[in-house]
Amino acid sequence: MSKKQFAIIGMGRFGSSVANALSEMGFDVLAIDSSEQRTQEVANIVTHAVSADSTDEEALRALGIRNFDVVVVAIGENIQASILTTLILKDLGIPVLVVKAQNELHGKVLQKIGADKVIYPERDMGLRVAHHLTSPNILDYIELSAEYSILEIEASRSIIGKSLKELDVRARYGCNVMAIRRGESMNISPDADEPIADHDVLVIVGHKNDLTKLELAFSK
Ligand code: ATP
């Protein structure tokens, strides 16, 4: 199977960090930005860096954008350009179209016009930081949908020494412990009878309301 081909449009902080990470993972990345300077800045990192206006359909066609498996639109402030670009790419039949939204309304429009995934990096990071700040043993908080999230929580005094069976997370809180991280190792099928150790990290999936209750109980 050939490697996936990625194109990233918009080399702001977010777009360039996605491009950078994909390149480091060994993928071919085409970086596009209307600013010559921005394209220059990533030229040494990605496979190809091109200066083009993504609202110009002909320019995108000329770059062979239709051959890419995944296109990420990381234009933030210029909402009009983001929407036009998404429309053009959708019409061109890009298999997976991921678009960064500036706010909820922008995100709704992107969804309506066919973006496969709408991402809100600032909002999501804000949420994660807020959860971490309110309870320091919350290490991460990842929104899966409007209703469900994943929580990474370090074992607090109230749960150390207890087993998953004793804690009975599913019946008491309606959540599922998917994995337990202990040091470098990740156990994805945790033993229900094994006591939770100091510094264990529980990875829990559940409804947001249920996770909030669990967060309160497990933070003590
Ligand atoms: P970040 O927060 O990730 O830094 P941002 O949300 O502030 O980004 P912008 O700076 O508005 O987003 O846009 C990101 C990049 O997209 C900029 O480098 C800009 O030059 C580029 N860009 C804007 N419009 C277009 C367009 N029509 N075609 C190609 N690139 C564009």
Legend entry - Principal axes of the stretch 159-216: Cα extent on each, largest first, Å: 30, 21, 19
Inset, instruction - Read phi for every residue in the stretch 30-40 and hand back ³J(HN,Hα) as whole Hz from Karplus 6.51 cos²θ - 1.76 cosθ + 1.60, θ = phi - 60°, with x for Gly and Pro. - result: 9, 9, 10, 8, 6, 8, 4, 4, 4, 5, 4
Legend entry - Residues of the stretch 120-164: accessible area per residue with a 1.4 Å probe, Å²: 55
Inset, instruction - Please work out how many pairs of lysine residues in the chain are eight or more positions apart (or on different chains) and have Cα atoms closer than 12 angstrom. - result: 4
Legend entry - With DNA, RNA and ligands ignored, accessible area of Arg61 (1.4 Å probe; Å², nearest 10): 100
Legend entry - Pair-distance profile P(r), taking every C-alpha pair of the chain, with 5 angstrom steps and integer %: 1, 7, 13, 15, 13, 11, 10, 10, 9, 6, 3, 1, 0
Inset, instruction - Could you state how much accessible area Asp193 has, in square angstrom rounded to the nearest 10, with a 1.4 Å probe and all protein chains kept in place? - result: 90
Inset, instruction - Treating the angle as unsigned and between 0 and 90°, give the value, to the nearest 10°, between the Cα long axis of helix 121-134 and the longest Cα principal axis of the chain. - result: 20
Legend entry - Angle in degrees between helix 79-91 and the longest Cα principal axis of the chain, rounded to the nearest 10: 80
Inset, instruction - Give, to the nearest whole percent, the P(r) tail of the stretch 5-46 beyond 16 angstrom, counting all Cα pairs. - result: 19
Inset, instruction - Determine the relative contact order of the chain: mean sequence separation of Cα pairs under 8 Å and six or more apart, normalised by residue count, in whole percent. - result: 13
Legend entry - Difference of contour (0.36 nm per residue) and Cα-Cα distance, Leu105 to Lys208: 34.9 nm
Inset, instruction - Starting from the amide H of Ala31, placed 1.01 Å from N in the peptide plane, find each other amide H under 5 Å away whose residue is 5 or more places distant or on another chain. - result: Ile8, His48, Ala49, Val50
Inset, instruction - Could you state the angle between the C-alpha long axis of helix 13-24 and the longest principal axis of the C-alpha atoms of the chain, as a value from 0 to 90 degrees rounded to the nearest 10? - result: 80
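The values are calculated or read from the model by the stated rules, or taken from the named source; none is laboratory data. Please read all numbers here as calculations on a predicted model, not as lab measurements. Surface areas here come from the heavy atoms of the whole protein model, side chains and all, with no ligands, DNA or RNA. Shrake-Rupley method; radii C 1.70, N 1.55, O 1.52, S 1.80 Å.
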